[in-house]
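What follows is a short report on a single structure.
The values are calculated or read from the model by the stated rules, or taken from the named source; none is laboratory data. What you see is a predicted model; the values in this text were computed from it and never measured. Cβ: placed from backbone, ideal geometry, glycine included. Neighbour counts: every protein chain shown. Please note that ligands, DNA and RNA were not included when accessible areas were found on the heavy atoms of the full protein model with its side chains. Shrake-Rupley method; radii C 1.70, N 1.55, O 1.52, S 1.80 Å.
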Amino acid sequence: MHENDNQRPNILFIMSDDHAIQAISAYGHPISKLAPTPHIDRLANEGFLFLENYCANSICGPSRATVLTGKHSHSNGFMKNDRTKFNGNQPTIPNILQKNGYQTAIIGKWHLNTDPVGFDYYKILNDQGEYNNPDFITKDTIIQEWGYVTNLITDFTKEWLDKRDKNKPFFLMMQHKAPHRNWVPDAKYYRLFENVEFPVPDTYFDTYEGRPAAAQQKMRIYVDAYEGHDLKMVRGIDSDSLLYDPWPHVFFGRMTDAERKEFLEAYRERNNDYYQTPRTEKEKAEWKLQRYLQDYLACVRSVDESVGEIYQYLKDHNLLENTIIIYTSDQGFFLGEHGWFDKRWMYQESFLMPLIIRDPYIKKKGQKISQLTQNIDFAPTILEMAGVKVPEEMQGESLLPLMKGNKIPWRDALYYHYYEFPGFHSVRAHYGVKMKRYKLLHFYKEDRWEMFDLKTDPTEINNIYGQDEYKEVQAHLHEKLNELIRQYQVPEQYLK
Ligand code: SGN
Ligand code: CA
């Protein structure tokens, strides 16, 4: 007997923040080989790994709004992080499942600027949330909880599972803050990767030729990352004072004196070495990349362990066979490619979005899905899993037929649209189309086009737009893009 005596599956949706596929070992990237994620990988080994899953608008709030609604940003109304308020009263996964007898809850990062709607229970971080001793918001209170954010979210998830109404199936969103900027690891992992040298991407010192928008961003690790806030560098040998940190209240300000001391001691040797060893500018830039990756991946370690802990919980409570587990992140992230951290671009690293589904109702294991899928598909998929009708207005498609191996016609092109300019990191607004091999981007405010052949140029440094030999492909991509714009009914005013 399962713990809930119910024919309908429980659905556990785990989403981390800014977790790049390069940092999930199931995807096989060289970085992840040095910092593996065995617990996330197990979900893939026992389920489905989506190789070409993409975000519709690679930034937090918009991605989350798309997940909830199954719609592109222009259709769900949440186009930019800043000052947008999510309308929770449109058809969303929690609204619909709640009306259909599911128990719904969200624990962790929310970041949609309005109270969660459609959830029986919520315990969410305030805005971006903090890594240490963060505030949590529930229906009635805001309280500061003591501990490291990833562990707290895991504990609260288990507490909710313990106390839930066992006569109903559940839909539970467990949404981590990590590994979001400023990449603060759990204290026990401050030094986890201190001796690991991660591979430097070929494009770390990209000069952005033929890509003016890429040249204009503010997201280079060795230029734009804040030395104190992001890279945890101090003012000199044995200094206890951080270099530039514009938001000390969310970082050091959140730690107790003892926690701050523990932090400084853990980084001291490496921070001293930075000043004691002469380095060229290039070597300093590489040092910064290593510091960035060491902390980012140490944050990932805790997320992976959290996945393991929840898996174990489900196993111990006899819930593994009637709970579908989905692992994803709100978007991808740059781990030094093009010199960058952050996301927002339609370039592969941030456009790709990890997606792993363990579905005990489908007996296949260790399957890889290579069709073009997108976060607009999540809501239709989850609704179909729950046996509930998918509203017409949702723009995505259920992924279940792909998982079942049904031979069905599938899309050959994806629409992408990033709106937030001006904004953090200065990424120009752009939209575009992605097909299996080629990609076309339009930086529409400047009316500049980019086109890439991912087969011959997987790191996207060679803009082939306007080149004679690609004339036909280019025309085809333009046609596809127009088709998608019509299909998704993107209003004219958003395209210029
Ligand atoms: C914060 C970050 C930015 C990041 C945005 C959006 N700065 O402002 O680097 O791009 O969030 O991130 S931070 O130092 O305050 O973390 S998102 O995941 O919410 O979209
Ligand atoms: Ca994010």
Determine which aspartates and glutamates satisfy two conditions relative to Lys364: a Cα distance under 16 Å, and not lying fewer than 8 residues away in the same chain. Asp41, Glu46, Glu321
With a cut-off of 8 Å between alpha carbons and a minimum separation of six or more residues, what is the relative contact order of region 360-496 in percent? 15 percent
Between Lys389 and Lys188, what is the label-point separation in nm under the 7 Å Cα-to-beta-carbon projection? 5.0 nm
Taking 45 Å as R0, compute the FRET efficiency from the Cβ-Cβ separation of Glu469 and Asp273 and round it to 0.05. 0.35
Can you give the relative contact order of the chain as a percent, counting alpha carbon pairs under 8 Å and 6+ residues apart? 24 percent
Solvent-accessible area of Ser241, probe 1.4 Å, all protein chains present, reported in Å² to the nearest ten, please. 50 Å²
When a/c is below 1.5 the answer is rounded, else prolate if a/b is larger than b/c, else oblate, so apply that to the chain with a ≥ b ≥ c taken from the square roots of the Cα gyration tensor eigenvalues. oblate
Once normalised by the length of region 415-495, the mean sequence separation of its alpha carbon contacts under 8 Å that are 6 or more apart gives a contact order in percent of 21 percent
Between Gln312 and Asn89, what is the label-point separation in nm under the 7 Å Cα-to-beta-carbon projection? 4.5 nm
Rounded to two decimal places and with Rh computed the Kirkwood way over Cα pairs, what is Rg over Rh for region 77-137? 1.00
Let me know the number of lysine pairs in region 415-495 closer than 12 Å at the Cα, not counting same-chain pairs under 8 apart. 4
Filter the cross-link list Lys218/Lys284; Lys80/Lys368; Lys168/Lys389 down to pairs whose alpha-carbon distance in this structure exceeds 27 Å. Lys80/Lys368
Counting each DSSP H run of 4 or more residues in the chain as -39500 (n - 2.57), what helix-only mean residue ellipticity at 222 nm follows after dividing by all residues, to the nearest 500 deg cm²/dmol? -8500 deg cm²/dmol
Where both residues lie in the chain, what percent of DSSP beta bridges are antiparallel, nearest 5? 55 percent
How would region 415-495 be classified by its alpha-carbon gyration tensor: rounded, prolate or oblate, with rounded meaning a/c under 1.5 and the a/b versus b/c comparison settling the rest? oblate
How do Tyr296, Tyr222 rank by accessible surface area computed with a 1.4 Å probe, from largest to smallest? Tyr222, Tyr296
At a Förster radius of 25 Å, what calculated FRET efficiency corresponds to the Cβ-Cβ distance of Glu265 and Phe424, to the nearest 0.05? 0.20
Looking at region 94-147 only, what percent of DSSP beta bridges run antiparallel? Nearest 5 please. 55 percent
Once you have the Cα-Cα distance between Lys33 and Glu446, take 0.36 nm times their residue separation minus that, and quote the gain in nm to one decimal. 144.7 nm
